[in-house]
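First up is the structure itself, then whatever we jot down about it.
The values are calculated or read from the model by the stated rules, or taken from the named source; none is laboratory data. Please read these numbers as outputs of a predicted model, since none were measured by experiment. Neighbour counts are summed over all protein chains in view; Cβ atoms, including those assigned to glycine, are modelled from backbone coordinates with ideal geometry.
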Amino acid sequence: MGDQRRGGPPSTPFWQSLSGVLTAVAALITALVGAAAFLYQVVHGAGTGGHAPAGGVAATPSVSLTAGAQPAASETKPSAAAQGETRGAGPYELLFNNNGVDLDADPPKVATGPDSSIDIYDGGGSIESFPIWSGLAKWDKPGAPSRQACISQLNSFATIGSRYAKGSRYCVHTRGDLHVAYVEFVKADGDGWRIRVTVWPGTAA
């Protein structure tokens, strides 16, 4: 009997086998817990989106203006110059003589005596600016000018006075209200001339 026990395979103590089993079970549980935690983070992180990273661009909510909340458009009235660009006041037919014509008056008027408000006068066969300054320019192009065309002519060819004849035409710049006028000599009339006048309102540029 004693020899048979010594010749058989060595027996494993029971506590050593149980310890191995427990270690394996503990390792399996740890692996399962770790896998479950990882899946939880993946699923819940993708569902909520989380916070924007620091320094990121925050989303800007879209803003819609309803019909009642739209800002009122600013009302800009056109200037007198813009209103009178294509059509001036007149034409007026006036007597042109040495007394002169006030083109700033509305409507333009002929002076009946010495008058410091006149803009042009007859200097004895010539149209003269009053007071003495380069306030007129001869218009020798086809057709009647526009306000802007008169201004361009005045800016380029302004003079103090000019000899006129029937059919002579001039652009005039007034010093008072900075109006622009177009003057055409129509015909002789006694001691003066009949002129046809169109006036655009200031301010001249």
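Quick check, is Ser126 more than 14 Å from Gly88 (Cα to Cα), within 36 Å of the chain's Cα centre (by Cα) and of a type outside the set (A, V, I, L, M, F, W, C)?
Values: more than 14 Å from Gly88 (Cα to Cα): yes; within 36 Å of the chain's Cα centre (by Cα): no; of a type outside the set (A, V, I, L, M, F, W, C): yes.
Here the answer is no, as Ser126 does not meet what is asked.
Output the qualifying pairs, or none if there are none: Cβ atoms under 6 angstrom, residues six or more apart or on different chains, first residue in the range 96-108 and assigned by TED's automatic domain parsing to the domain that holds Ala165, second residue of a type in the set (Gly, Ala, Ser) and assigned to a loop (DSSP other than H, G, I, E, B).
Asn99/Ala111; Gly100/Ala111; Asp102/Ser117; Asp104/Gly176
This table checks each residue for (1) of a type in the set (D, E, K, R); (2) exposed (fewer than 15 other Cβ atoms within 10 Å of the Cβ); (3) at pLDDT below 95.
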{"position": "Gly84", "(1), (2), (3)": "no, no, yes"}
{"position": "Glu93", "(1), (2), (3)": "yes, yes, no"}
{"position": "Ser116", "(1), (2), (3)": "no, yes, yes"}
{"position": "Ile120", "(1), (2), (3)": "no, no, no"}
{"position": "Glu128", "(1), (2), (3)": "yes, no, no"}
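Give the range 172-188 a look and list any residue that's hydrophobic (A, V, I, L, M, F, W, C) and either farther than 15 Å from Gly100 by Cα or not assigned by TED's automatic domain parsing to the domain that holds Asp140 (or both), or say none. Give the derivation first.
Of the range 172-188, the ones hydrophobic (A, V, I, L, M, F, W, C) are 172, 178, 180-181, 183, 185-186, 188.
If the condition is that a residue be hydrophobic (A, V, I, L, M, F, W, C) and either farther than 15 Å from Gly100 by Cα or not assigned by TED's automatic domain parsing to the domain that holds Asp140 (or both), then Leu178, Val180, Val186, Ala188 are the ones that fit.
From Lys166, Lys187, which residue is surrounded by fewer than 16 Cβ atoms within 10 Å (Cβ to Cβ), of a type in the set (Lys, Arg) and assigned to a loop (DSSP other than H, G, I, E, B)?
On the way: Lys187 fails: assigned to a loop (DSSP other than H, G, I, E, B).
Unique residue meeting the criteria: Lys166.
Go through the range 148-169 and give me each residue that's of a type outside the set (A, V, I, L, M) and closer than 18 Å to Gly202 by Cβ.
So in the range 148-169, the residues of a type outside the set (A, V, I, L, M) come out as 148, 150, 152-153, 155-157, 159, 161-164, 166-169.
Matches in the range 148-169: Gln148, Cys150, Ser152, Gln153, Asn155.
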